[in-house]
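Working notes, beginning with the structure itself.
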Amino acid sequence: PWLIEEDDRDRLVRDLLGAARERMLREMAEFVETLGAEVPLVLVLEDLHWSDPSTVDLLWLIAVRREPARLLVIATYRPVELILTHHPLRAVSQRLLTSRRCGEIALDELRTDAVMEYLERRFTGSRFSQEVARLLRERTGGNPLFLVTLVDHLLARGAIVERDQRWGVGKGLRAELASVPESLRPMIEQQLDRLDPDDRQLL
């Protein structure tokens, strides 16, 4: 707003006063297409499982428009979150997939060798055994978010230590692996809260 002259700002406010939601979505879609007119545009949207309905509507509108556009939208989301929250993105993504207006790449869980590679990259000069990588993979189910959080937890608790400029396992690794890092507790509790009472009771 501070880049617009006062007269222009007043006119803009008057123009937008009666703007309908559909008009705003259409104008946003046209804006994105216009940006891509000069050079190809890549729009990256992360964690769409937390998006609002208007963002989902905009994605749908961009995907179904017939006008040519040099635009690539890359979006990430957690399918489980969409199911648990009954998120509108679930229906939109399924409709786009069936109409071949998008492609989906499901990420596999990390295998033990990928966990080992993560440890080697994060801790240069590390000397972690294959057994440590296996235990981490087993404890996290290969979920990258859980892996990073668990390794942060192990580091903070002294179960991963640096000695003589080399990283390795400290005391109490197995005990720390058995605990749930505090930073993961709210996420797990949130997922439990979304379950039906019967399912929660069963767990």
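General remarks:
- Of the trypsin sites (Lys or Arg not before Pro) found in the range 1-84, those in coil by DSSP whose Cβ has at most 10 other Cβ atoms within 10 Å are Arg66.
- Most to least accessible of Leu173, Leu195 (protein chains only, probe 1.4 Å): Leu195, Leu173
- Going by accessible surface with a 1.4 Å probe and the largest first, Ser126, Ser99 read Ser99, Ser126.
- Most fluctuating residue given options Leu12, Leu89, Leu48, as computed from a GNM of the chain linking Cα atoms under 10 Å: Leu12
- Relative to the Cα centre, the charge distribution of the range 1-126, modelled as +1 at Lys and Arg Cβ and -1 at Asp and Glu Cβ, gives a dipole magnitude of about 580 debye.
- Protection proxy ranking, peptides 153-164, 30-41, average beta carbon neighbours within 10 Å, highest first: 153-164, 30-41
- The range 133-203 and the range 78-95 have Cα centres lying 26 Å from one another.
- Converting phi to 3J(HN,Hα) with the Karplus coefficients 6.51, -1.76 and 1.60 and the offset θ = phi - 60°, the range 37-50 yields 5, 7, 9, x, 10, 10, 9, 10, 10, 9, 6, 5, 5, 9 Hz in sequence order, with x at every glycine or proline.
- When the Cα positions of Gln165, Leu84, Gln130 are compared along the charge dipole of the range 81-180, Leu84 comes out farthest toward the positive end, with charges on each C-beta of Lys, Arg, Asp and Glu.
- The residue among Leu41, Leu96, Ala63 whose Cα reaches farthest toward the positive pole of the charge dipole of the chain, with charges on the beta-carbon of Lys, Arg, Asp and Glu, is Leu96.
- With only the Cα atoms considered, the range 70-187 has a convex hull volume of 143 Å³ per residue.
- Over the range 100-203, relative contact order from alpha-carbon pairs under 8 Å, at least 6 apart, %: 22 percent
- In plain terms, if you count all Cα to Cα distances in the chain and split them into 5 Å steps from zero, the share in each step is 1, 6, 10, 12, 12, 11, 11, 10, 9, 7, 5, 3, 2, 0 percent.
- Extension gain from Ala106 to Asn143, taking 0.36 nm per residue of separation minus the Cα-Cα distance: 12.0 nm
- Long-range amide H partners of Trp167 with built H, under 5 Å: Ser126, Arg127
- Remark: the range 150-193 carries 65 Å² of accessible area per residue (probe radius 1.4 Å; ligands, DNA and RNA excluded).
- Of all accessible heavy-atom area on the range 76-135, the percent that carbon and sulfur account for (1.4 Å): 54 percent
The values are calculated or read from the model by the stated rules, or taken from the named source; none is laboratory data. Treat the numbers as computed from the prediction; the structure is a model and nothing was measured. Quick reminder, even Gly has a Cβ in these numbers, built from the backbone with ideal geometry, and neighbours come from all protein chains shown. Areas reflect the complete protein model, heavy atoms only, side chains present, ligands, DNA and RNA absent. Shrake-Rupley method; radii C 1.70, N 1.55, O 1.52, S 1.80 Å.
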